[in-house]
4 protein chains.
Amino acid sequence: MAGSSFGNIFRITTWGESHGAALGVVVDGVPAGIELCEEDIQRFLDRRKPGTSSLSTPRKEDDKVEILSGIFEGKTTGCPISMLVRNTSQHSQDYSEIASYYRPGHADYTFDEKYGFRDYRGGGRSSGRETIGRVAAGAIASKVLSELGISVEAYTTAIGPVNACLDNYSREKVLNNATAMPDNDADKEALEYVAKMRSEYDSVGGVMECKVTGLPAGLGDPVFEKLDANLAKATMSIGAVKAVEIGDGVKVSTSLGSENNDSFVIENDSIIKMTNHSGGILGGISDSSPVVVRAYVKPTPSIFKEQKTVNKSNEDISVQIKGRHDPIIVPRAVVVFECMTAITILDALLLNMTSTMNGIKKFYS
Amino acid sequence: MAGSSFGNIFRITTWGESHGAALGVVVDGVPAGIELCEEDIQRFLDRRKPGTSSLSTPRKEDDKVEILSGIFEGKTTGCPISMLVRNTSQHSQDYSEIASYYRPGHADYTFDEKYGFRDYRGGGRSSGRETIGRVAAGAIASKVLSELGISVEAYTTAIGPVNACLDNYSREKVLNNATAMPDNDADKEALEYVAKMRSEYDSVGGVMECKVTGLPAGLGDPVFEKLDANLAKATMSIGAVKAVEIGDGVKVSTSLGSENNDSFVIENDSIIKMTNHSGGILGGISDSSPVVVRAYVKPTPSIFKEQKTVNKSNEDISVQIKGRHDPIIVPRAVVVFECMTAITILDALLLNMTSTMNGIKKFYS
Amino acid sequence: MAGSSFGNIFRITTWGESHGAALGVVVDGVPAGIELCEEDIQRFLDRRKPGTSSLSTPRKEDDKVEILSGIFEGKTTGCPISMLVRNTSQHSQDYSEIASYYRPGHADYTFDEKYGFRDYRGGGRSSGRETIGRVAAGAIASKVLSELGISVEAYTTAIGPVNACLDNYSREKVLNNATAMPDNDADKEALEYVAKMRSEYDSVGGVMECKVTGLPAGLGDPVFEKLDANLAKATMSIGAVKAVEIGDGVKVSTSLGSENNDSFVIENDSIIKMTNHSGGILGGISDSSPVVVRAYVKPTPSIFKEQKTVNKSNEDISVQIKGRHDPIIVPRAVVVFECMTAITILDALLLNMTSTMNGIKKFYS
Amino acid sequence: MAGSSFGNIFRITTWGESHGAALGVVVDGVPAGIELCEEDIQRFLDRRKPGTSSLSTPRKEDDKVEILSGIFEGKTTGCPISMLVRNTSQHSQDYSEIASYYRPGHADYTFDEKYGFRDYRGGGRSSGRETIGRVAAGAIASKVLSELGISVEAYTTAIGPVNACLDNYSREKVLNNATAMPDNDADKEALEYVAKMRSEYDSVGGVMECKVTGLPAGLGDPVFEKLDANLAKATMSIGAVKAVEIGDGVKVSTSLGSENNDSFVIENDSIIKMTNHSGGILGGISDSSPVVVRAYVKPTPSIFKEQKTVNKSNEDISVQIKGRHDPIIVPRAVVVFECMTAITILDALLLNMTSTMNGIKKFYS
């Protein structure tokens, strides 16, 4: 079944496997007239590139994007933008062994059950490299949003037991720190923690948060296409994410109504909320406060420690996974999270244009 | 924009407002040949009916379902099943006052911003009564799944600070306890806690869990249509839900790879997992362990305590909400959660039929 | 599979069978703020009502519409509008005989093959009564379009061998003539022709045309969502339509490029086309000339003449169909055609709002 | 808006412009386990390649396909198959002149109106080269269908006034004749007719037909997703098609019910139809007779004759189009028509698997 597309008006379709010839994305529904070049995309792809810190695999992946369509004289034409990245640094032989058994925590078993066999090289379609298409598409969504004054920024808030303090947030720290935390002390502490766990042949999890500011009120829909429902799907569709929160999230379950309700108040003749427990969404519709989404990410399932599992001859075995694997998924997933959020927000923003007869008349007048 | 439909093959479209003439749903894509009568639906609707315990509003809503199409000689025909419930016990005058201001924690403000005005009677489309359509549709999905040996059961795991113990789980307790907890002691304690908070004009939140057993491996898709991604959307589309977890959920962020990975093992010549941290889903695809989803629900935003807000003349005001409101949303939302899960699972199960050439050949031979 | 919905942004979902309790439609994505009442809908439904002329069955069907949701204080709220019409004049006993055999030209056989059995009363879901939902939805689409200065008008151009002359077209003639032809002489002649064929226990076919004027250029999409492609689907989805044409249609195949190309010319400082062979669409996108669609409709398959067929015991038999049947489908299908066209055009108009960055900036400024 | 995808379960997304770097398609929802190689695709692409006869432009386009994903060890994996063809023989300078004016019969004007500007090189996205993606995807659909015993064959039935006789149909003639007619005499006559019109700087239209045999009864849906409705959309989405017929098509409008109804009859214990006026579809659902679709194609709009038009300075001008253009579209469009039909049929076949509870139980047992 066709499950590689996301979005309605602004719709992306990703394709490609870890060790195939290339990976890519077709982005359809891009409005015409936006200035766009490969550098706009590459800047985002470089943020998910491995080999840039001790937190990521030493694989060298250049991940140079090529735009194949949808741009004319430097501008989007309104036609689909096809982008691809060639696979260059793949060592297929590293993976030949895992063809015979099911790695714990991976999709090996479920792929075999669903499709009858699988492309076992590097996780195939379930590889983290699948997100290359998402990031390339998200770079476009982010550019469109930024032209409308909307900013989407994701960052790491926790790695294992180490929590970042968000008080002195700066985008610069997020982009410069290996952990993508906006807190230099926590960054340092987290790096040490990961190094320790890695030396024990283990891996760690973490938490990332995405904040959308500048969003007008009114985006999203009251029932199934709630803005938070689509953000939840977008976020949970990222491999390794096991929980999603909006605003106060899990905490609301032990909160009282009088604590959790955000009071409205007039400030400079505008209506604002005094607090933002709701995470910028009320009844599925943006309320013009910042939208806040959080994702909880499991530890990398590929660990070098010995593990029990079974092989395809239905035998219990012990395995030690080899190859090059990140000891933590979070830092490189941050840009993926940011991109999926941007794509979801842009789609809601476009869909919202048709909500009222007054808006339609204004547009067509 | 059209946001009142959910699902691809098995697709539901809900309609109706709290104080309109009726509410209902059209369920399209129901396979032909299933025995179905109004009693099958009513049993589910009765579980979300108010007025049955101290936890819910004293409103008497009969909520009698009427099936208008898609059944012939007691069986589904393959054509859309339209169902409606008439609104009978609505007191529109209770709501006239709230037309002039924005209730904190409600969608009043965002509706006005999006649509220019709103049906302010009882929350309109954002009322909990919208879920009548979801529950009626979910009753059908549950029936189809049960004929395939798949069971979907939701229950309350926490109310405010009171946690249920799941060790002696029984469906009977869930259906009989006012809290929908499978733990009689916790049920009693939670009732007391809610009564206390209610007497202080406040409201409380809680947690619910849904477990799917008997599911074959292979349902879901590796990228955007991951089974967990669709469950996250389905769950977050329920009003008041602010966080969704799959399996260990939030906890994975502080777990180690060696702890979080579920080892495979051979038992009775079959492959099973020794643990189920993954919540029955690996790489977006069901792994045949129970699927476990958890939803965190905020406290009812309608509280009788005085609150600050603004009115439509842009003035700061204080309000005390009147009317009949549940002090907690969770117990009546449990059946909604169960139904949204069943709908999502059934859709994935139908979509999965087209995954392999062998399956297609078997079907058409 | 879910096949009872049409449209993307403005999406309709119809339900109901000829002899069930009721038929109806849910219209989702209706922009907020449009004045709408039952009379707006009823006027359209009355045009497809039977029993008003010698061309239609003497069945009395009141077909009174009831609006159940989506309207507040006389205006659309942006939430789904649910409408239903109760079945009142159904004689199920008329149809008991046809349960045992397959009527030629009907869907009896294909329903049994697809679903294993069928609701045989009056054609069930394949009855012409299914179009009640389409017409109710189309009435809303037409109202929205008319507020934007766009008119959609359908009429009969031929009945059997009798062709209408369109030179003195008036909407009044279309609405008053039993044939829905805009030509009083042809109307008279066609009535005589139909009466003659009916007396011979036979039925006749015909042609209808729909013209959309006032449409801005730019609606539709260059590839699969071409405006003409969606009009073709909308038209062919009407039971009994076997051919669809845009503009010159079939004739283009024997035309030369120099004849078929429409030259552009400046008139009053605007660009217009000197001719309209293209039927208002170039490359799938509206060119601001009138959009012209034509539908060829087969003769009513229910005829009183003896016919050969088979029964469910796999025996060759001869049958004479009884009951009340129109000797021609076209006149009552004209409003259905008009409505499906209006729905398709409105959906394209809404989708088009997101085509350019300039348009989006204008909207959100 | 996202308009470059087609299909539900088997879904294709095309991208690319005539003079961009490449054109291609992502085919999602391909069942796993089908043997597939580039040669399977290339054979289809070669049928639409220009430069092979006097009917087509002397442009040399190699159109070599590259498969980038979705295949492992020679078999489809169930993951999206991305294919591309590099543009190699494009002379962009040929088109610089047409940037300033609107070619009659082309989409130049409507693109500018919709998007504000256009990629004017060779028609951009509206070029016939866009169909490369459709054909590559259709080659896969055809292969799947052929493994199920279903054959889809298209051919030319008329060019201008020259009609092919179908009595001695052979696939070989279709593939060998430059016109794609299954009639050698008509082929010769048509070639002469085209040569004559070309020498007069003009172009001609034609008709093509597609026949699907071996199709089981039951595919398609009774309302909007009728098999004929989707075939109509698929066909009309091919550039230059202006009319679509199913079965007897246009002729039904002058037929009588007694003539047009196909009688059922028992033959070898099976139910068959004595005639096939319905074109293999009753009530939107396949009836197991051959499905017959016909498409009427306009003459190539690019002609060398002088034509009136306007330029972008709003001036009336006369133009003579230069460059390399086919004098007729039909022969190369035949394979596109065949492919769009195959894609539509396959999607219906997959969707049909979920129609009955018995079928679902059989599948999951």
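The values are calculated or read from the model by the stated rules, or taken from the named source; none is laboratory data. Note that the structure is a prediction, hence the values are computed from the model and not measured. Quick reminder, even Gly has a Cβ in these numbers, built from the backbone with ideal geometry, and neighbours come from all protein chains shown. All accessible areas refer to the heavy atoms of the entire protein, side chains included, with ligands and DNA or RNA removed. Shrake-Rupley method; radii C 1.70, N 1.55, O 1.52, S 1.80 Å.
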The lone condition D:Ser54 fails out of (1) closer than 27 Å to A:Ile71 by Cβ; (2) more than 10 Å from every other protein chain (Cβ to nearest Cβ); (3) open to solvent by 10 Å² or more (accessible area, probe 1.4 Å); (4) at pLDDT below 95 is (1)
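Could you tell me which of the residues A:Gly279, A:Gly257 is within 7 Å of chain B (Cβ to nearest Cβ) and either on the phi > 0 side of the Ramachandran plot or surrounded by 24 or more Cβ atoms within 10 Å (Cβ to Cβ) (or both)?
The conditions single out A:Gly257.
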I'm checking my understanding of the structure. Among residues of segment D:86-114 that are within 24 Å of the chain's Cα centre (by Cα) and modelled with pLDDT under 85, which one is least open to solvent (accessible area, probe 1.4 Å)?
D:Ser89
Of the conditions (1) crowded, with 24+ Cβ neighbours inside 10 Å; (2) at the interface with another protein chain (Cβ under 8 Å from one of its Cβ atoms), C:Asp183 clears all except one; give me its number.
(2)
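I'd like the full set of residues that are farther than 17 Å from D:Asp62 by Cα and either open to solvent by less than 10 Å² (accessible area, probe 1.4 Å) or in contact with a helix residue (DSSP H, G or I) (Cβ under 8 Å, 6 or more places away or on another chain) (or both), limited to segment D:26-40. Before you say what the answer is, go through the steps one by one.
Here is the first cut: in segment D:26-40, the residues farther than 17 Å from D:Asp62 by Cα are D:26-37.
Those that are farther than 17 Å from D:Asp62 by Cα and either open to solvent by less than 10 Å² (accessible area, probe 1.4 Å) or in contact with a helix residue (DSSP H, G or I) (Cβ under 8 Å, 6 or more places away or on another chain) (or both): D:Val26, D:Val27, D:Asp28, D:Gly29, D:Val30, D:Pro31, D:Ala32, D:Gly33, D:Ile34, D:Leu36.
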Could you say whether any residue in segment A:73-85 is more than 26 Å from A:Leu215 (Cβ to Cβ), out of contact with any strand residue (DSSP E or B) (no Cβ under 9 Å at 6 or more places or on another chain) and either open to solvent by 40 Å² or more (accessible area, probe 1.4 Å) or β-branched (Val, Ile, Thr) (or both)?
yes
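Could you tell me whether B:Asp62 is over 16 Å from C:Trp15 (Cα atoms), acidic (Asp, Glu), at pLDDT below 95 and open to solvent by 10 Å² or more (accessible area, probe 1.4 Å)?
It is true that B:Asp62 is over 16 Å from C:Trp15 (Cα atoms), acidic (Asp, Glu), at pLDDT below 95 and open to solvent by 10 Å² or more (accessible area, probe 1.4 Å).
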Does segment B:34-49 contain at least one residue that is within 22 Å of C:Arg118 (Cβ to Cβ), of a type in the set (Val, Ile, Thr) and at pLDDT 90 or above?
yes
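Out of all the residues in segment C:134-153, which are within 27 Å of C:Glu17 (Cα to Cα) and open to solvent by less than 10 Å² (accessible area, probe 1.4 Å)?
First, pick out the residues of segment C:134-153 that are within 27 Å of C:Glu17 (Cα to Cα): C:134-143.
Scanning segment C:134-153 gives C:Arg134, C:Val135, C:Ala136, C:Ala137, C:Gly138, C:Ala139, C:Ile140, C:Ala141.
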Qualifying positions in segment D:1-25 - open to solvent by less than 10 Å² (accessible area, probe 1.4 Å), hydrophobic (A, V, I, L, M, F, W, C) and in a loop (DSSP other than H, G, I, E, B)
D:Ala2, D:Ile9, D:Phe10
Consider B:Ser313 carefully, then state whether it is over 18 Å from B:Gly128 (Cβ atoms), part of a strand (DSSP E or B) and either open to solvent by 40 Å² or more (accessible area, probe 1.4 Å) or in contact (Cβ under 8 Å) with a residue 24 or more places away in the chain (or both).
no
Name the residues in segment B:260-274 that are at pLDDT 95 or above and either within 7 Å of chain A (Cβ to nearest Cβ) or within 27 Å of B:Leu346 (Cβ to Cβ) (or both), would you?
B:Asn260, B:Asn261, B:Asp262, B:Ser263, B:Phe264, B:Val265, B:Ile266, B:Ile271, B:Ile272, B:Lys273
Quick one: in segment A:186-199, of everything that is open to solvent by 80 Å² or more (accessible area, probe 1.4 Å) and in contact (Cβ under 8 Å) with a residue 12 or more places away in the chain, which residue is nearest to the other protein chains (Cβ to nearest Cβ)?
A:Arg198
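Yes/no matrix, rows are residues, columns are (1) more than 30 Å from D:Lys188 (Cβ to Cβ); (2) without any contact (Cβ under 8 Å) to a residue 12 or more places away in the chain; (3) at the interface with chain C (Cβ under 8 Å from one of its Cβ atoms):
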residue	(1), (2), (3)
D:Glu113	yes, yes, yes
D:Arg121	yes, no, no
D:Arg129	no, no, no
D:Ala137	yes, no, no
D:Val144	yes, no, no
D:Leu148	yes, no, no
D:Tyr155	no, no, no
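With the structure loaded, tell me whether B:Thr235 is open to solvent by less than 10 Å² (accessible area, probe 1.4 Å), more than 8 Å from chain A (Cβ to nearest Cβ) and not hydrophobic (A, V, I, L, M, F, W, C) or whether it fails that test.
Values: open to solvent by less than 10 Å² (accessible area, probe 1.4 Å): yes; more than 8 Å from chain A (Cβ to nearest Cβ): no; not hydrophobic (A, V, I, L, M, F, W, C): yes.
Against the criterion (open to solvent by less than 10 Å² (accessible area, probe 1.4 Å), more than 8 Å from chain A (Cβ to nearest Cβ) and not hydrophobic (A, V, I, L, M, F, W, C)), B:Thr235 does not qualify.
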Looking only at segment A:283-293, which residues are facing chain B (nearest Cβ under 9 Å) and either open to solvent by 10 Å² or more (accessible area, probe 1.4 Å) or closer than 19 Å to B:Glu245 by Cβ (or both)?
A:Gly283, A:Ser288
Selection count, segment A:205-216, where residues are under 19 Å from A:Ser146 (Cβ atoms) and either among the small types (Gly, Ala, Ser) or in a loop (DSSP other than H, G, I, E, B) (or both)
3
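Could you list, in sequence order, the residues of segment C:115-133 that are on the phi > 0 side of the Ramachandran plot and open to solvent by 10 Å² or more (accessible area, probe 1.4 Å)? Please lay out each step first, then the result.
First, the residues of segment C:115-133 that are on the phi > 0 side of the Ramachandran plot: C:116, C:122-124.
The answer is C:Gly116, C:Gly122, C:Gly123.
Determine if segment D:208-228 includes at least one residue that is touching an Asp or Glu at 6+ places or on another chain (Cβ under 7 Å), more than 7 Å from chain C (Cβ to nearest Cβ) and open to solvent by 20 Å² or more (accessible area, probe 1.4 Å).
The first filter runs over segment D:208-228 and keeps only residues touching an Asp or Glu at 6+ places or on another chain (Cβ under 7 Å), leaving D:210-211, D:217-218, D:223.
Right, trim to more than 7 Å from chain C (Cβ to nearest Cβ) and you get D:210-211.
Retained after the next criterion (residues that are open to solvent by 20 Å² or more (accessible area, probe 1.4 Å)): D:211.
Yes, that holds for at least one residue.
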Test A:Ala137 against the criterion of being closer than 23 Å to A:Leu349 by Cβ, under 14 Å from the mean Cα position of the chain (by Cα) and modelled with pLDDT of 95 or more, and give yes or no.
yes
Any hit, segment B:324-345, residues being at positive phi and open to solvent by 30 Å² or more (accessible area, probe 1.4 Å):
no
Sole miss for D:Tyr296 among (1) within 7 Å of another protein chain (Cβ to nearest Cβ); (2) under 30 Å from C:Ser4 (Cα atoms); (3) in a loop (DSSP other than H, G, I, E, B) is condition (3)
Selection from segment A:167-180 of residues that are open to solvent by 60 Å² or more (accessible area, probe 1.4 Å), within 19 Å of A:Glu338 (Cα to Cα) and free of Cβ contacts under 8 Å to residues at least 40 places away in the same chain:
A:Tyr169, A:Arg171, A:Glu172, A:Asn176
Out of segment A:8-33, which residues are within 20 Å of the chain's Cα centre (by Cα) and modelled with pLDDT under 95?
A:Ser18
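Listed residues C:Leu346, C:Leu351; which is touching a residue at least 24 places away in the same chain (Cβ under 8 Å), at the interface with another protein chain (Cβ under 7 Å from one of its Cβ atoms), of a type in the set (A, V, I, L, M) and not in a strand (DSSP E or B)? Outline the logic, then answer.
On the way: C:Leu346 fails: at the interface with another protein chain (Cβ under 7 Å from one of its Cβ atoms).
The conditions single out C:Leu351.
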